[in-house]
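The values are calculated or read from the model by the stated rules, or taken from the named source; none is laboratory data. Quick caveat: nothing in here was measured; it's all calculated off a predicted structure. Ideal geometry is used to build each Cβ from the backbone, glycine not excepted, and the neighbour counts take in all protein chains shown. Areas reflect the complete protein model, heavy atoms only, side chains present, ligands, DNA and RNA absent. Shrake-Rupley method; radii C 1.70, N 1.55, O 1.52, S 1.80 Å.
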Amino acid sequence: DEAALRRPIGGAEVMRGQLSALIEATRSPNIRLQIIPFTAGGHAAAGGAFSILRFGDQDLPDIVYIEQLTSAIYLDKRDDLDHYALAMERLCVEAEPPERTPQLLTRLREDLYPD
């Protein structure tokens, strides 16, 4: 979400470093980073962040991980997984395409946290 990139946690130097690290991460073939811009309005994960954990071993089921302030929840029921997988698919469609991410991050870094 674009808001996370604009919220100055740790000051300008830290934010510049974080954006630079994200730009570098976009060069990795096993990372796909997309940004949901403010212009998209509300989005499928507006209720809170979640992660879908998938494992290389086919015997291990997918798990939804939801981190909270003092604990975390792991969901492994098929209905829950399907609900979150659909939300993740919607997020991928609502977000800017991954090939635009480096340019968006660079623009944010230059506009908000110049050297």
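Note down, for region 12-79, the three equivalent ellipsoid semi-axes (square root of 5 times each alpha carbon gyration tensor eigenvalue), biggest first, whole angstrom.
Working: eigenvalues 140, 68, 39 Å².
For region 12-79, the semi-axes come out at 26, 18, 14 Å.
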- Can you tell me how much longer the chain between Met88 and Ala12 gets when fully stretched, taken as 0.36 nm per residue apart minus their C-alpha distance, in nm with one decimal? 24.3 nm
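If you place +1 on the Cβ of every Lys and Arg and -1 on the Cβ of every Asp and Glu, how big does the dipole about the Cα centre of the chain come out, in debye to the nearest 20?
On the way: 12 positive and 19 negative charges, 63 e Å.
Here the chain has a charge dipole of around 300 debye.
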- Task: Identify the trypsin sites (Lys or Arg not before Pro) of region 1-55 meeting these criteria: DSSP loop state and at most 14 other C-beta atoms within 10 Å of the C-beta.
- Result: Arg27, Arg32, Arg54
- Dipole check, the chain, charges on Cβ (K,R +1; D,E -1), about Cα centroid: among Ala85, Gly47, Leu104 the Cα furthest to the positive pole belongs to Leu104
- Rounded to 10°, Cα long-axis angle of helix 12-25 versus longest principal axis of the chain: 60
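Using a 1.4 Å probe over the heavy atoms of the protein chains, calculate the carbon and sulfur portion of the accessible area of the chain as a whole percent.
Working: 4240 of 8040 Å².
Reported share for carbon and sulfur atoms: 53 percent.
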- Item | Helix axis angle, 78-94 relative to the chain longest principal axis, alpha carbon, degrees | 30
- In region 57-115, which trypsin sites (Lys or Arg not before Pro) fall in coil by DSSP and have 14 or fewer other Cβ atoms within 10 Å? Lys77
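Dividing the convex hull volume of the alpha carbon atoms of region 61-113 by its residue count, what do you get in Å³ per residue? Please report the intermediate quantities before stating the final value.
Numbers: hull volume 6.5 nm³, N = 53.
It is 123 Å³ per residue.
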- Message: Could you tell me the ratio Rg/Rh of the chain? Both radii from Cα atoms, Rh via Kirkwood.
- Response: 1.00
- Task: Considering the options Pro8, Leu22, Ile73, tell which one lies farthest towards the positive end of the dipole of the chain, charges being +1 on Lys and Arg and -1 on Asp and Glu at the Cβ, about the Cα centre.
- Result: Pro8
